Amino acid sequence: MAANVVDHLRRVEIFSGLSDEELLQVAAICKVRRVGASQVVFNEGDDGEELYILHEGCVRVSLNTRAPEGGMTPSTINMLYSGQSFGEMVLLGGATRSATVTAVDPCVLLVLRERDFAALCERNPRIGYRVMRNMASDLSYKLRSSNLLLRGNIRWQQGELGRK
């Protein structure tokens, strides 16, 4: 199983640049969690202490937004597939979950607890440096994408996009 997990971790963006030996150390602290289709992995606002890596399957990332009639409704902001990770912000300070993640298909998740990762980084700071650098790059990309969506939504709400 460890070799299979290392092969999978090698394709995960936040682990880019780690050697096979370092990936083996990460694999050693990962747990496997199976999630059924339509099962919620975690809800927006939940406390969290785990990063998840999709080994198999697909998940929907959604935010609760206000519907026109005033109630709250989930709005999909992203779909994630095998090799992608979610819940990364827990490694940056244990914040509450910023979105709800729900399995679309039956999923196999690799689970990395923040305290296990922190202990690994104490033993091998290079792993922590590479992962944090990769996460910063990924979160920067996500922030830029969100800003573009938000800017477009504001312009749409202000009627700028429908004018000729």
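Each value in this text was obtained by applying a stated rule to the coordinates, not by laboratory testing. Only a predicted model underlies this, so the values are computations on that prediction, with no experimental measurement involved. Neighbour counts run over all protein chains shown; Cβ positions are idealised from the backbone, glycine included.
Considering the range 62-98 alone, what residues qualify as being among the acidic types (Asp, Glu) and farther than 22 Å from CYS121 by Cβ? Selection gives GLU69 alone.
Of the residues in the range 99-139, how many are of a type in the set (S, T, N, Q), more than 19 Å from CYS30 (Cα to Cα) and either outside any helix (DSSP H, G or I) or in contact with a strand residue (DSSP E or B) (Cβ under 9 Å, 6 or more places away or on another chain) (or both)?
Selection size over the range 99-139: 2.
When GLY71 is tested against (1) under 28 Å from ASP20 (Cα atoms); (2) more than 17 Å from the chain's Cα centre (by Cα), exactly one condition is not met: (1).
I'm trying to understand the selection: among the residues of the range 80-114, which are in contact (Cβ under 8 Å) with a residue 12 or more places away in the chain and either aromatic (Phe, Trp, Tyr) or exposed (fewer than 12 other Cβ atoms within 10 Å of the Cβ) (or both)? Listed by number, the residues that qualify are TYR81, PHE86, ALA95. Of the strands (runs of 3 or more DSSP E) that lie entirely inside the range 17-98, those containing 2 or more residues that are in contact with a Cys (Cβ under 8 Å, 6 or more places away or on another chain), under 26 Å from ARG144 (Cβ atoms) and not aromatic (Phe, Trp, Tyr) span 50-56, 58-66, 72-81.
Give the number of residues within the range 106-123 that are touching a His at 6+ places or on another chain (Cβ under 9 Å) and among the small types (Gly, Ala, Ser).
Adding up the residues that qualify gives 0.
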